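Data first, discussion second: the structure below is written as structure tokens.
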Amino acid sequence: MVRRSVAVVTAIVLFGEAVGIVLVHAVLATVVDNQNMSLAGMDPGVMSTSTWGMGIGSGVLLLLCGLIPLLAGIRDRSPGRFGRIALIGCAVVHGVLGALAVGLVGWSAFAVMMAVLALIVLTLVVYGRSEPRERVSGAGGHDSGAGAGAPAPA
């Protein structure tokens with residue numbers, strides 16, 4: 001029950017973060033477009049369009065990363081290989097952005113990024129790698145529980 005709650009809360013936080021990142025990029029793109037100033041000879045229209053593209057792209061990636069724990073919580077099953085890799089990548093990005101946020105924004109932004117990182121890692125941990133029973137038992141049908149360290153009989 002706890003792991004379903006953790007997965008759903010992680011998904012909700014990632015969905016909220018996706019909306020937030022799109023809104024921040026929308027404000028940045030609007031400011032750049034309204035200034036009509038070039039930066040090192042770059043066209044302001046190109047900068048505005050690329051900011052919109054980055055915001056929408058980041059939002060879509062966060063939505064996709066939010067779908068992984070949501071589906072894991074609904075199904076109550078561990079995410080597959082691709083899902084785990086995507087969540088690990090999302091966790092790494094949150095860690096790096098948290099480290100950058102300390103110097104650029106402050107400790108409160110760092111705390112928020114680390115809370116999201118903790119939710120992603122907790123989701124990965126509570127849905128540990130669960131193998132089906134057929135794969136866990138040995139080739140001869142022996143259970144690998146009690147004598148896992150002992151050599152197989154010949």
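For the stretch 1-122, give the percent of accessible area contributed by carbon and sulfur heavy atoms, probe 1.4 Å, rounded to a whole number.
Roughly 76 percent of what the probe reaches on the stretch 1-122 is carbon or sulfur.
Could you check the spin-label model distance between A111 and I74? Points 7 Å from the Cα along Cα→Cβ, value in nm.
Placing both labels 7 Å beyond Cα along the Cβ direction yields 3.4 nm.
At 7 Å along Cα-to-Cβ for each site, give me the label-to-label distance between V60 and L28 in nm.
Distance between the two pseudo-spin positions: 1.8 nm.
What is the gain in length, in nm to one decimal, between V9 and V92 on full extension, counting 0.36 nm per residue of separation less the C-alpha to C-alpha distance?
The V9-V92 span can extend by a further 28.0 nm.
Determine ³J(HN,Hα), in whole Hz, for all residues of the stretch 117-123 in sequence, where each value follows from phi through the Karplus function 6.51 cos²θ - 1.76 cosθ + 1.60 and θ = phi - 60°; x replaces Gly and Pro.
Calculated HN-Hα couplings, in order: 4, 5, 5, 5, 5, 4, 4 Hz.
Might you tell me the accessible area per residue for the stretch 1-71, computed with a 1.4 Å probe and given in Å²?
On a per-residue basis, the stretch 1-71 sits at 60 Å².
At q = 0.16, 0.23, 0.25 Å⁻¹, work out log10 I(q)/I(0) for the stretch 1-93 with the Debye formula, treating every Cα as an identical point scatterer and leaving solvent out; two decimals please.
With one equal scatterer per Cα and no solvent, log10 I(q)/I(0) is -0.68, -1.03, -1.14.
The values are calculated or read from the model by the stated rules, or taken from the named source; none is laboratory data. As the structure is a computational prediction, the values presented were derived from the model and not from experiment. Using ideal geometry, Cβ is built from the backbone for each residue, glycine included, and neighbour counts are taken over all protein chains shown. SASA here: full protein model, heavy atoms, side chains in, ligands and nucleic acids out. Shrake-Rupley method; radii C 1.70, N 1.55, O 1.52, S 1.80 Å.
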